[in-house]
Structure formats: structure tokens, C-alpha cells
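I have placed the structure first, in the form of C-alpha cells, so that the comments after it can refer back to it.
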Amino acid sequence: MLTLAADIEVLARFGRALADPIRCRILLTLRQAPAYPADLADALEISRTRLSNHLACLRECGLVVTVPDGRRTRYELADERLGHALDDLRTAVVAVEADKSCPHADRKGCC
């Protein structure tokens, strides 16, 4: 069983990973299937150097792992449940955006 401090650390790492749109795109791409860095860079239309920096962050956060494949290295989500978590977050955000019951919803930057 995780302690409150451990739970907070896990959520903070997940939040840090999701704080950048490129890292979100990487996670959503890897949610579909494992991929090689060169293929990810091409698919996301970013430089390999930039991709490498984001992959390092995602590895440090514990969200992706590397899998040796001959002379190449493949990336994949560290746990298949992360794909489900990403789907849950996306649908929760959509549900919140659709719910205009917040009295401050009309103010810019709110809800």
C-alpha cells in the first residue's frame, strides 16, 4: 500500500510528464503501439534531439521504458494501465468541458 507521500509523488511525476504538449503527444502515440525514436520524431515532426530530451523526462517519470531490439531501442509505455489512465483523463476533461454548471464558466481562463 502506498503512503500519502508516495501517492503525491506518483501524481506529481505524472503531472510533470503531462505538462508539456510534446510529451502528451509522445504518450498518446505510444498508447497506440511501441515505437522507435526515429519513427516517433518523424511522426511528431520534431527533431531527434528534442524528442530524446522528452523521452528522457518520460523515462525519469517512470512512464516509458526502453526495450532493446537488436541494435535498436524501442520505447513503450511502462505499464499498459497508463494507456487506460490517459483515456480516462481525456474523457474526464471532455466531460468537464461539456459541463457548464460552473457559475464562473463564462469567465476567460476558468473551468
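The values are calculated or read from the model by the stated rules, or taken from the named source; none is laboratory data. On a predicted model such as this, the values are computed, not experimentally measured, just so you know. With ideal geometry, Cβ positions are generated from the backbone for all residues, glycine too; neighbour counts draw on all protein chains shown. Note: areas computed on protein heavy atoms with side chains; ligands, DNA, RNA excluded. Shrake-Rupley method; radii C 1.70, N 1.55, O 1.52, S 1.80 Å.
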If you scan region 62-96, which residues turn out to be open to solvent by 40 Å² or more (accessible area, probe 1.4 Å) and more than 23 Å from residue 9 (Cα to Cα)? 68, 69, 70, 71, 72, 73, 74, 91, 94, 95, 96
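Among the helices (runs of 4 or more DSSP H) lying completely within region 1-49, list those that include at least 3 residues that are over 17 Å from the mean Cα position of the chain (by Cα) and aliphatic (A, V, I, L, M). Step through it out loud before you land on a result.
Details: elements: 4-18, 21-32, 37-44.
Output list reads 4-18.
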All but one of (1) surrounded by 14 or more Cβ atoms within 10 Å (Cβ to Cβ); (2) farther than 30 Å from residue 7 by Cβ; (3) charged (D, E, K, R) hold for residue 59; state the number of the condition that does not hold. (2)
Close pairs from region 41-63: first at positive phi, partner part of a helix (DSSP H, G or I) and open to solvent by 10 Å² or more (accessible area, probe 1.4 Å), Cβ under 7 Å, at least 6 apart: 62/13
Among the residues of region 8-24 satisfying the criterion of being exposed (fewer than 15 other Cβ atoms within 10 Å of the Cβ) and closer than 17 Å to residue 88 by Cβ, which is modelled with the highest pLDDT? 15
If residue 52 satisfies every condition in (1) open to solvent by 60 Å² or more (accessible area, probe 1.4 Å); (2) touching a His at 6+ places or on another chain (Cβ under 8 Å) but one, which is the exception? (2)
Are there any pairs, at least 6 apart or on different chains, whose C-beta atoms fall under 8 Å, with the first in region 15-30 and over 18 Å from residue 73 (Cα atoms) and the second open to solvent by 60 Å² or more (accessible area, probe 1.4 Å) and assigned to a helix (DSSP H, G or I), and if so, which? 18/89; 22/50
